[in-house]
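Below you'll find the structure, written out as structure tokens, and then a few comments.
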Amino acid sequence: MNFEDFSLNYHLSELNLKVVKSYAKLFFAEKDERLLNFIDNVASDCNINPSELNFSEESLEVLDRWLVNHVECVKLTKEEYEVVRKSLPDYIDINDWRFSDVTYSNIINVGLYLGEVMIHKHPNLKWEQCLNGKKNIDYGQMIIRVGKIGMNPMRLVDVTCLKIVDNSKSPKRLREIVHLWEEYL
């Protein structure tokens with residue numbers, strides 16, 4: 001499995017512990033280079049100097065504006081829809097679309113950046129792998145422990161992108177996430 005397979009796999013509890021733990025090694029091996037490439041790409045897209053994406057809370061405003069224009073959806077095939085439909089009870093509504101692969105990659109990158117903003121603001125925080133019980137929604141995922149609660153920045157950005165699609169979130173989404181999680185410090 002590669003970095004994105006792990007980062008977007010919300011069913012890591014189905015894998016053996018050795019494979020799950022290998023994700024943490026892969027994460028730390030690729031995180032910094034992936035962030036540098038992402039920062040360069042966003043700076044180029046936004047026509048700004050990469051130094052403006054300096055992991056400050058203010059830099060999240062640039063990412064908020066950038067992210068709104070980089071969420072793409074693709075329609076599920078009939079087969080894909082049936083797989084999803086069969087995996088959930090009938091009373092749960094499902095979409096007939098999913099995020100594009102490029103959007104999933106952006107979710108990971110923005111999540112990494114968001115996590116690093118928290119760590120830069122609060123140096124006592126760090127990335128760690130959630131191994132607290134296979135029923136934990138973030139089992140196997142890389143999180144930032146905020147008090148007793150684990151923050152999964154990639155999952156938060158995933159939800160933020162859902163809000164972008166349905167236009168139900170304010171323009172300062174990422175900054176709001178930081179402020180919300182700071183309440184738990």
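Some points to look at:
- Those residues of region 57-100 which are acidic (Asp, Glu), more than 19 Å from Val159 (Cα to Cα) and in contact (Cβ under 8 Å) with a residue 24 or more places away in the chain, in sequence order: Glu57
- Test: Glu79 is closer than 18 Å to Leu112 by Cβ and over 20 Å from the mean Cα position of the chain (by Cα): no
Residue-wise test of (1) in contact with a strand residue (DSSP E or B) (Cβ under 6 Å, 6 or more places away or on another chain); (2) at pLDDT below 95.
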site: Asn2; (1), (2): no, yes
site: Asn16; (1), (2): no, yes
site: Val20; (1), (2): no, yes
site: Phe27; (1), (2): yes, yes
site: Phe38; (1), (2): no, no
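- Unique match (being touching a Lys or Arg at 6+ places or on another chain (Cβ under 7 Å) and within 17 Å of Asn106 (Cβ to Cβ)) among Asp64, Asp45, Asp40: Asp64
The values are calculated or read from the model by the stated rules, or taken from the named source; none is laboratory data. Just so we're clear, the structure is a prediction, and the values are computed from it rather than from any experiment. All Cβ positions, even for glycine, are placed from backbone atoms using ideal geometry, and neighbour counts span all protein chains on display.
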